[in-house]
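Here is the structure we will look at.
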Amino acid sequence: MLALANKSTQLTSKQRAYLRGLAHHLNPVVQLGKSGFGPAAVGEVDRNLKHHELIKVRIVCDDRGDFETMAESLATETGAALVQSIGRIAVYYREGEEPEIKLPKA
């Protein structure tokens, strides 16, 4: 199930639906392998979140449970909200310093 990374990035279902619509046309900007992710991968995701606010990440692993664990861990590490996960793709959102994405009211 979807998890929110930290309490400052809580999204309502309306906001999540809006972000899913925006993310539909996006391609994954980061790909994580079966061996998991380390500080370099977390840094890459963090850098992309700072630049784009909304990103897709491909997490390659064999087990669905491992995928969910990795997706939630990455959200926690980066302080982002896990908006959606479909297949092996996870969508993350983190508001930027100067937000470009205007979320609907809660």
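Taken together, the values in this text are just the output of simple stated rules run on the coordinates, not laboratory data. Owing to the predicted nature of the structure, the values given are computational and were not obtained by experimental measurement. Glycine gets a Cβ as well: all are built from the backbone with ideal geometry, and neighbour counts include every protein chain shown.
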Inset, instruction - Could you list, in sequence order, all residues of the range 12-27 that are surrounded by fewer than 13 Cβ atoms within 10 Å (Cβ to Cβ) and in a helix (DSSP H, G or I)? - result: 13, 14, 21
Inset, instruction - Could you run through the range 48-84 and say how many residues are within 19 Å of residue 99 (Cβ to Cβ), crowded, with 16+ Cβ neighbours inside 10 Å and touching a Ser or Thr at 6+ places or on another chain (Cβ under 8 Å)? - result: 3
Legend entry - Selected residue (criterion: nearest to residue 27 (Cα to Cα)) from residues of the range 61-104 that are touching a helix residue (DSSP H, G or I) at 6+ places or on another chain (Cβ under 8 Å) and of a type in the set (Lys, Arg): 88
